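Peer 1: Next up is a structure, given as structure tokens.
Just so it is clear, none of the values below were taken in a lab; they were calculated from the coordinates. This structure is a prediction, so every number in the text was calculated from the model and none was measured. Glycine gets a Cβ as well: all are built from the backbone with ideal geometry, and neighbour counts include every protein chain shown.
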Amino acid sequence: MSMFNAKFYDFMVHLPDEMDSINSLVLAAKEFGYSGMAALNLRKNRNGMNQLPEDFSIYSAIEVSGKPSDIRDEIRKYKDTGDILIARGRNEEVARAAVETERLDIILQPVKFNNVLGKIASDNSIALGFNIGSIIHTRGEERVQELRIMRTNLMYARKYDLQMVLTCEPYSMYDFRSPREMAALGGLFGMSPKEAVDAMSTVPIDIMRKKSTGYIQEGVEII
């Protein structure tokens, strides 16, 4: 059976404001081969969600941001809500504050990842996010820099056995790429097809399992 028969998810989607545009975005995601998504601004767009297809799942995600102390406070604030918590690793200080705080789910595209951060992320079961959108929407030296960051992050993900998540961070229906295209683009920085498929299927599913009310920690769940 083909690896691409799995259920695929993008876990960093920006919902538009109008319900018609949300419907168009969801339909586009389905046509591209996705079974669900995590939307960053779902809390503001809950009205009308019952109009969406029943066979498509939408989860709530929150991007925590700010200075290191704000990052820690935001994670603690939302850690028991069931929302998928994502921090963008825009510098080493922010990335460290994020991975040191329990219940963060994804550290996205950290620009200064290293052995220390890799070990902490592993200890706290935090997935490492790779933003394919950053190479789709850049050119020249900027794209080379993004690929360099992703190649380094992939090395640490493998070294510390971190789960990986792939996103194209879509803002509209035109930003989506099919899982096959995503896997091909992942190959530009060395990700294998299986790693790419897992990063869009089994890892997102596992993250949602950990957000369930019965989950306590790895190996401990309330039945």
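Peer 1: Please give the FRET efficiency for Y160 paired with L27, using the beta carbon to beta carbon distance and R0 = 45 Å, rounded to the nearest 0.05. Write down the numbers at each step before the final one.
Peer 2: Working: r = 38 Å, r/R0 = 0.85.
Step by step, r from the Cβ atoms, then E = 0.75.
Peer 1: So how many Å³ per residue does the convex hull of the Cα atoms of the chain work out to? Provide the component values of the computation, followed by the final result.
Peer 2: On the way: hull volume 29.2 nm³, N = 223.
Measuring per residue, one finds 131 Å³ for the Cα hull of the chain.
Peer 1: Can you figure out the FRET efficiency of E92 with E63, using R₀ = 25 Å and their beta-carbon distance, to the nearest 0.05? Provide the component values of the computation, followed by the final result.
Peer 2: Numbers: r = 18 Å, r/R0 = 0.74.
The value I calculate is 0.85.
Peer 1: Same structure again: May I ask you to list the residues of segment 70-96 whose amide nitrogen lies under 14 Å from a point 7 Å from Cα along the Cα→beta-carbon direction of T138?
Peer 2: It comes to 89-91, nothing else.
Peer 1: Would you work out which of T101, I126, I149 lies farthest towards the positive end of the dipole of the chain? Charges go on Cβ: Lys and Arg +1, Asp and Glu -1.
Peer 2: I149
Peer 1: No solvent, one uniform scatterer per C-alpha: report log10 I(q)/I(0) for segment 78-120 via the Debye equation at q = 0.18, 0.27, 0.34 1/Å, two decimals.
Peer 2: Results for segment 78-120 at q = 0.18, 0.27, 0.34 Å⁻¹ read -0.46, -0.92, -1.26.
Peer 1: Could you compute the FRET efficiency for V116 and S192, with r as their C-beta to C-beta distance and R0 at 30 Å, rounded to 0.05? Walk me through the numbers before you get to the answer.
Peer 2: Values: r = 26 Å, r/R0 = 0.86.
Using R0 = 30 Å, I get an efficiency of 0.70.
Peer 1: Okay, moving on. Once the piece of chain linking L52 and H14 is laid out straight, how much longer is it, given 0.36 nm per residue of separation minus the C-alpha distance between them? Working shown, then result.
Peer 2: Numbers: separation 38, 0.36 × 38 = 13.68 nm, distance 1.61 nm.
Separation in residues times 0.36 nm, less the Cα-Cα distance, equals 12.1 nm.
Peer 1: Quick check on my link table: of K30/K119; K30/K67; K79/K119; K67/K194, which ones sit more than 29 Å apart, alpha carbon to alpha carbon? Show your work: numbers first, answer last.
Peer 2: On the way: K30/K119 36 Å; K30/K67 36 Å; K79/K119 21 Å; K67/K194 35 Å.
Checking Cα-Cα distances, K30/K119; K30/K67; K67/K194 exceed 29 Å.
Peer 1: What is the dipole size for segment 3-211, taken about its Cα centre, with +1 at each Lys and Arg Cβ and -1 at each Asp and Glu Cβ, in debye to the nearest 20?
Peer 2: On the way: 28 positive and 29 negative charges, 107 e Å.
Dipole size: approximately 520 debye.
Peer 1: In a GNM of the chain with a 10 Å cut-off on Cα contacts, which of D20, D161, D175 has the highest mean-square fluctuation?
Peer 2: Among D20, D161, D175, the largest GNM mean-square fluctuation belongs to D20.
Peer 1: In addition: Most exposed first by the Cβ proxy, i.e. fewest other Cβ within 10 Å, how do S172, S212 rank? Could the numbers behind the result be given before it?
Peer 2: Working: S172 14, S212 10.
Arranged by neighbour count, lowest to highest, S172, S212 become S212, S172.
Peer 1: Taking the highest mean first, how do the peptides 74-81, 61-68, 34-41 order by number of other beta carbon atoms within 10 angstrom per residue?
Peer 2: Working: 74-81: 15.1, 61-68: 17.1, 34-41: 21.4.
My ranking of the peptides, most packed first, is 34-41, 61-68, 74-81.
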